Amino acid sequence: MPRTTWGQRLWIVFTVICFVTSLVPTPARSFFGELTIEKEKQLGEEFFLQLQQYFNLIHDPFLNSYLNAVGQKLVQQVGPQPFDYHFSIIDDSSLNAFAIPGGYVFLNTGLIQLMDNEDELAGVIAHEITHIHARHIAKRMNKAKFSTIASLIGGLAAVLMGGAAAGPLLMGTQAASESAMLKYSRDDEREADTLGFKWMTEAGYNPRAMMAIFSKMTRQRWFQGTEIPVYLQTHPGMDTRIVNISHLIATHNMNDRTSQESPGFTYFKLRLRALCNSPNPVMRDLKRRLAKDPNNVPLLYCLGLVHQRLGQRSEAIATYQAALAQDSHNKMIKRDLAALYYESNKTAAAQALLEELLHSNPRDEVALYYLGRINQDRQHWDEALALFEKVHALNPTFCDVYYNLGTIYGEKKNLGPAHYYLGLHSRLAKDLSTALFHFRKALSYLGPNDQYYQKTQQEVARLERMRVRVR
């Protein structure tokens, strides 16, 4: 996949700034005026919209489902929140994770590949959730004042990007001192670690893993020479923080707690490798390793994914079946095999596996989605719609379902929601002119009291601010 250039990243920041400055009256010189919860939500939504246009976000339903499950498990420990939390993966090899005001958490594939278990993943997510929960950046935005747009760009670049990209923007402006007001402070980091430690412990994770993944990132900077990982640039005081986490572990008698087996994470990480790396080198490596260990189930699973990615369906099915012969209860493999059966027009086999998965877990959103597609193919609109709506409720970041929802609402002649969901699908596909067309059409069918009306108005306003035009 093509990587994002720094120029594209700067354009994201510039566009976010244009939106942000529209939130307050023109005479106001502070960044946000008073940053309310509603404005914070708007900022998060706008940033996410821009990010989708220029970065490679991973939309794989299996990966997103797993990440969302870990994230929501931690959010449940925080208590009632004014935000809906969204968890996304960026296909980028650099070591970074960050949180945007309004409930958006992003992890780079490079950082995930550095992890060894789900506890380490939870440690990073818990830390980023706390930055949002405590409104660390949001509070600083209320205080920061910039005299020029250039200073604003420099300040945001320094905070959100880190690394060499911020340097040229800071030169020749007054942003160097002003941007310090936007950066995470050591107190912010200490609070994020302390509360993240708490959320992890209450969710049943081993908080020692937080110290472990931070230590790995610290060691990584020595392997990268003078290039400091982005995460260490944007999250200061890592060495001191590791010591503080160690004290928390000792104080709460956590030294004896061990990380639980996390087979789900093993498959999550292998799937990430199979889908994001060049397939042929991955296949050669897997075959070399399987020659020494032919019954290794996770490796067989990964090989099946690579076969599937290369369009070799029969080989993929045979490989999945070989893996299930070794581990007949493996739900992850069953999900992929069921999806592949569906894509190969083996509907009866797919349905049998999907119903088996849902019997053991009625909230399995991937199984719900594919069972919905089977019902959609049979024109069982009400049954399919109920399944897709449940998927959307369980995980709003499950992007594949938007097209199906739009199509079925259209079949039922409910054109307001139909155009709304087709607009969301087009936006995620980066076809902004088609998205704007659908959102405007949705408004022509929706009334002010309709549940989709306000959301659709917001989508239209964002795209119009970006000067998108319907072709």
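For the list (1) modelled with pLDDT of 95 or more; (2) assigned to a helix (DSSP H, G or I); (3) closer than 17 Å to residue 62 by Cα, I need the number of the one condition that residue 366 fails.
(1)
Would you check which residues across segment 354-363 are assigned to a helix (DSSP H, G or I) and either surrounded by fewer than 24 Cβ atoms within 10 Å (Cβ to Cβ) or in contact with a strand residue (DSSP E or B) (Cβ under 7 Å, 6 or more places away or on another chain) (or both) and list them?
Hits for segment 354-363 are 355, 356, 357, 358, 359, 360.
In segment 377-429, which residues are hydroxyl-bearing (Ser, Thr, Tyr) and closer than 27 Å to residue 103 by Cα?
397, 402, 403, 420, 421, 426
Residues checked against (1) surrounded by fewer than 18 Cβ atoms within 10 Å (Cβ to Cβ); (2) under 19 Å from residue 136 (Cβ atoms):
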site: 47; (1), (2): no, yes
site: 51; (1), (2): no, no
site: 61; (1), (2): no, no
site: 93; (1), (2): yes, no
site: 105; (1), (2): no, yes
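Would you check if there is a residue in segment 93-102 being out of contact with any Gly (no Cβ under 9 Å at 6 or more places or on another chain) and more than 19 Å from residue 46 (Cα to Cα)?
Scanning segment 93-102 turns up no residue that is out of contact with any Gly (no Cβ under 9 Å at 6 or more places or on another chain) and more than 19 Å from residue 46 (Cα to Cα).
Within segment 241-262, how many residues turn out to be surrounded by 13 or more Cβ atoms within 10 Å (Cβ to Cβ) and more than 23 Å from residue 110 (Cβ to Cβ)?
Summing the residues that are surrounded by 13 or more Cβ atoms within 10 Å (Cβ to Cβ) and more than 23 Å from residue 110 (Cβ to Cβ) in segment 241-262 gives 7.
Please give the number of the condition residue 228 fails out of (1) of a type in the set (A, V, I, L, M, F, W, C); (2) in a helix (DSSP H, G or I); (3) modelled with pLDDT under 90; (4) more than 15 Å from residue 123 (Cβ to Cβ).
The one condition residue 228 does not meet is (2).
Condition test on residue 332, is it more than 20 Å from residue 212 (Cβ to Cβ), at pLDDT below 95 and either over 29 Å from the mean Cα position of the chain (by Cα) or assigned to a helix (DSSP H, G or I) (or both)?
In short, yes.
So, in segment 234-286, how many residues would count as being out of contact with any Leu (no Cβ under 9 Å at 6 or more places or on another chain) and part of a loop (DSSP other than H, G, I, E, B)?
14
State whether the residues of segment 98-105 include one that is closer than 16 Å to residue 270 by Cα and under 12 Å from the mean Cα position of the chain (by Cα).
Taking every residue of segment 98-105 in turn, none turns out to be closer than 16 Å to residue 270 by Cα and under 12 Å from the mean Cα position of the chain (by Cα).
Step by step: first the residues of segment 364-374, then only those that are under 17 Å from residue 399 (Cα atoms) and out of contact with any Pro (no Cβ under 8 Å at 6 or more places or on another chain), then the one that is surrounded by the most Cβ atoms within 10 Å (Cβ to Cβ). Which residue is that?
Among those residues, the one meeting the criterion is 367.
Filter segment 231-269 down to the residues that are at pLDDT below 75 and not acidic (Asp, Glu) and list them by number.
Across segment 231-269, the qualifying residues are 231, 232, 233, 234, 236, 255, 257, 258, 259, 260.
The values are calculated or read from the model by the stated rules, or taken from the named source; none is laboratory data. Only a predicted model underlies this, so the values are computations on that prediction, with no experimental measurement involved. For neighbour counting, all protein chains shown are included, and Cβ atoms are generated from backbone atoms with ideal geometry for every residue, glycine included.
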